[in-house]
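Student: Mind looking over this structure? Questions follow.
The values are calculated or read from the model by the stated rules, or taken from the named source; none is laboratory data. Note that this is a predicted model, so its numbers are computed, not measured. Reconstructed Cβ throughout: ideal geometry from the backbone, glycine too, with neighbour counts over all protein chains shown.
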Amino acid sequence: MNTRKFFPKTFFGRSLVIILIPVLLLQLVLIYFFYERHWDDVGRRLALALGGQISYIIKTLEEKDFSPSDIKTQFKKAESNFLISSSWYPEESLKKFGQKEVTSLLDKTLKKSLAERINYPYSFDTKLIKNKVIIYVSVNDGVLKFSVARKNLYSSTIEVFILWMLFTAIFLLTLALYFMKQQIKPLRNIILAAEEFGKGNNYDLKPRGAYELRQLSRVFIKMRARINNQINNRTLMLAGISHDLRTPLTRMNLQIALLGDKNASKNLGDDVSEMKEMIDNYLAFARGEKEEKIKNINIYRLIKTLCEKDVIYDSKTIKNKVTKDVYINIKPLAMKRALLNIISNAISYSKNIVEIMTIKNDNFLNIFIEDDGKGIPKNKREEVFKAFYRIDESRQSASANTGLGLTIAKDIIQGHGGRIILNASNLGGLKVEIILPIKT
């Protein structure tokens, strides 16, 4: 039997089970032993007392030749003194009433105790009437029937003890639940800080809780600071390189403008513009758009703007099937850059049709961008996300000359807590699926 299916998946659930099982087992063992000992002692004494009372009633009736009215009077006295209801069945046999099967602990105790006190043939039934115990005793000229409340054979200490044990168990488990939640809370904060850091946000994590959790928080904070410093240093370095390279490129543009040969100046100007674009792409990849704030944006309007203004789609047909009035928390400029890379890539390498659509559920927004081009081989779909990677008939975006288009797009999407997946399209080309969480 595989117990993993029934075992809790969370740390809190497993910790609670570790506490819960021993407490329940202890309570059950204590209740069992108390119950057994109680029946062996108190329960047996109560049954013996009942047997003695019945024996006394029988002897009282046998001492004198009572009339029917006198017998009823004796029965009333017995009911008043012993809380035992009695009936007389003259000329009847015990066989008529029979003996029920002895199964319960009460049955076994009664059988043993009555045998010690009643010197007449007898039988009893603990199930005939609810909350009653019926005892039949065969005397010389008939059968006496005695009825006693079932509670007279129990001690109230049983119920009190069981209730006390249950209350104690519930109280202890409630305390354990409270303290376990307090212990788990710092761990959840660490998880939240890691998730936010993965999305490019800075969660204010404070070391709290047990010593090990405080140590884990401190280690995470130090690691986060080192990573941020490394990213900032890389960004500053590339920004400096970009600035240094832009200066000679600007001078080259001025010199090109002074050239007399228009064809030569145009070719050189195109090369310089391409170099500037490459530098901008390198810088954007290094920077990662971390400084931008998250805003609630209408994704339909964003994609519509890209299709109508930012993307040059020549004679290609773009089918915009994006759901209207869908809002999502994103970094607008960063997401705009990612979508622009992917959409322009689809337009550049499609034959005629590019289709964009969205599907929204409670937790995620799925954006599908499909084209009818040649697509990307299945064995190279993960490779194209690597920085500076190029394939033949490259499908990298507008930055195909740098090999960073899809890399930047994936970096931005993952920074939003999302995923990007490449598959074959029903149109014949590539289908890009972007999965973004609604709440980031």
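Student: With respect to L24, is the statement that it is within 30 Å of P121 (Cα to Cα), surrounded by 12 or more Cβ atoms within 10 Å (Cβ to Cβ) and either within 32 Å of the chain's Cα centre (by Cα) or of a type outside the set (F, W, Y) (or both) true?
Tutor: no
Student: Let me ask something else. Quickly run through the stretch 1-45 and pick out the residues that are farther than 16 Å from W164 by Cα, among the aliphatic types (A, V, I, L, M) and at pLDDT below 80.
Tutor: Those that are farther than 16 Å from W164 by Cα, among the aliphatic types (A, V, I, L, M) and at pLDDT below 80: M1, V42.
Student: Mind checking which residues of the stretch 123-140 are farther than 16 Å from T109 by Cα and modelled with pLDDT under 80?
Tutor: L128, I129, N140
Student: Give the residues of the stretch 420-430 that are farther than 15 Å from V384 by Cα and surrounded by fewer than 19 Cβ atoms within 10 Å (Cβ to Cβ), sorted by residue number.
Tutor: Within the stretch 420-430, N426, G428 qualify.
Student: Follow-up. Does the stretch 407-423 contain at least one residue that is of a type in the set (V, I, T), under 15 Å from N341 (Cβ atoms), modelled with pLDDT under 80 and not in a strand (DSSP E or B)?
Tutor: no
Student: Restricting attention to the stretch 90-104, report how many residues are in contact (Cβ under 8 Å) with a residue 12 or more places away in the chain and either within 18 Å of T73 (Cβ to Cβ) or among the acidic types (D, E) (or both).
Tutor: So the answer is 3.
Student: Among (1) under 18 Å from D125 (Cβ atoms); (2) out of contact with any Gly (no Cβ under 7 Å at 6 or more places or on another chain); (3) surrounded by fewer than 18 Cβ atoms within 10 Å (Cβ to Cβ), which single condition is Y89 missing?
Tutor: Status for Y89: all satisfied but (2).
Student: Only one of F171, F146 is more than 30 Å from L16 (Cα to Cα) and modelled with pLDDT of 85 or more. Can you tell me which?
Tutor: Just a single option satisfies the conditions, and that option is F146.
Student: If we keep just the residues of the stretch 309-329 that are modelled with pLDDT of 80 or more and either among the aromatic types (F, W, Y) or touching a Ser or Thr at 6+ places or on another chain (Cβ under 7 Å) (or both), which is nearest to G200 (Cα to Cα)?
Tutor: Here the answer is N329.
Student: Outside any helix (DSSP H, G or I), in contact (Cβ under 8 Å) with a residue 24 or more places away in the chain and touching a strand residue (DSSP E or B) at 6+ places or on another chain (Cβ under 8 Å) - does that describe any residue in the stretch 149-165?
Tutor: Among the residues of the stretch 149-165, at least one is outside any helix (DSSP H, G or I), in contact (Cβ under 8 Å) with a residue 24 or more places away in the chain and touching a strand residue (DSSP E or B) at 6+ places or on another chain (Cβ under 8 Å), which makes the answer yes.
Student: Looking at (1) touching a residue at least 12 places away in the same chain (Cβ under 8 Å); (2) part of a helix (DSSP H, G or I); (3) in contact with a Ser or Thr (Cβ under 9 Å, 6 or more places away or on another chain), can you tell me which one A257 breaks?
Tutor: (1)
Student: Quick one: A193 ticks every box in (1) at pLDDT 80 or above; (2) surrounded by fewer than 16 Cβ atoms within 10 Å (Cβ to Cβ); (3) part of a helix (DSSP H, G or I) bar one, so which box is it?
Tutor: With respect to (1) at pLDDT 80 or above; (2) surrounded by fewer than 16 Cβ atoms within 10 Å (Cβ to Cβ); (3) part of a helix (DSSP H, G or I), A193 is out only on (2).
Student: Is at least one residue of the stretch 234-243 surrounded by fewer than 11 Cβ atoms within 10 Å (Cβ to Cβ) and either modelled with pLDDT of 70 or more or not assigned by TED's automatic domain parsing to the domain that holds V326 (or both)?
Tutor: Yes, there is a match, as at least one residue in the stretch 234-243 is surrounded by fewer than 11 Cβ atoms within 10 Å (Cβ to Cβ) and either modelled with pLDDT of 70 or more or not assigned by TED's automatic domain parsing to the domain that holds V326 (or both).
Student: Just to check your reading of the model, which residue among L46, L83 is within 60 Å of the chain's Cα centre (by Cα) and at positive phi?
Tutor: L83
Student: Where residues in the stretch 106-148 are part of a loop (DSSP other than H, G, I, E, B) and not polar (S, T, N, Q), which of them is nearest to L94 (Cα to Cα)?
Tutor: Checking each candidate, the answer is P121.
Student: Looking at the stretch 205-219, can you tell me whether even one residue there is closer than 24 Å to H416 by Cα, in a loop (DSSP other than H, G, I, E, B) and at pLDDT below 85?
Tutor: Checking the stretch 205-219: not a single residue is closer than 24 Å to H416 by Cα, in a loop (DSSP other than H, G, I, E, B) and at pLDDT below 85.
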